[in-house]
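These notes are about the structure you will find just below.
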């Protein structure tokens, strides 16, 4: 009996150690941003318009949580060899899909900017959503939809649809230094072919197939709005609520209550009347 109990104890300890090791590895993966993904980077300087060569490309590993749609994975290396760079890439910088052009004259093609497994979908954007033409390829945005729950206009709500979405194109602007230089001899510096300051009617986003279906349906039912975010901000906020007219009224009432609660007290003036002693 003692030997059997000893073996049971040893087995329990071994199982416990194994579970501890598995837990530690899972914890390390979660705290470090997930499994490592290999992406391409420039081993040496790459000039604008220079065809990409394998000798000038290397790879480094980054956590999956920090992987962006613009990063080029090592598995896509054969797709970019021989493709011209649309702008200069310095040594030790990550090579991005937005750094590439697909023709000998330096023009960029939208199809090459779409990463494998992703889709490009174009949405309507008024002057507000395109920030009066200041939105650019490579910017990151959040997408909100405003629509009616029913056929009544009084039942409209605004829903947060997507967060941290990459902009592939703003109007016909796909980004890139060579394209900017070629767009119109009269373009002013910094105007990116004269689009800056003008309303861009269409914006092309990089999304998954499921997200594309959401955008197409939402655009058919209502109006989409884009909200700009810092390119280094990749955080996604969970559990964002919808906004309705009731939320606006409640927010207004709360604001009015705060104003009334912080208003300075009026001095009290006593009115003394009568024929009392002076």
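Rule-based calculations on the coordinates, nothing more; no lab input. Remember, it's a predicted structure, so these values are computed and weren't measured experimentally. All Cβ positions, glycine included, derive from the backbone under ideal geometry; neighbour counts span all protein chains shown.
For an R0 of 51 angstrom, estimate the FRET efficiency from the Cβ-Cβ distance between residue 47 and residue 202 and round to the nearest 0.05. With R0 = 51 Å, the Cβ-Cβ based efficiency is 0.95. Modelled spin-label separation between residue 235 and residue 119, with each label point placed 7 Å from Cα along the Cα-to-Cβ direction: 3.1 nm. What ranking do 143, 22 get, fewest neighbouring Cβ atoms within 10 angstrom at the top? Listed from fewest to most nearby Cβ atoms, that is 22, 143. Taken over the alpha carbons of the range 33-115 as equal point scatterers, the Debye sum produces base-10 log I(q)/I(0) values at 0.15, 0.24 Å⁻¹ of -0.48, -1.17. For a Förster distance of 35 Å, can you work out the FRET efficiency between the beta-carbons of residue 220 and residue 83, rounded to the nearest 0.05? Rounded to the nearest 0.05, the efficiency is 0.45. Applying 0.36 nm per residue to the separation of residue 22 and residue 66 and subtracting their alpha-carbon distance, the gain on full extension is 13.5 nm. Between residue 252 and residue 38, the simple spin-label model (points 7 angstrom out along Cα→Cβ) gives 6.0 nm.
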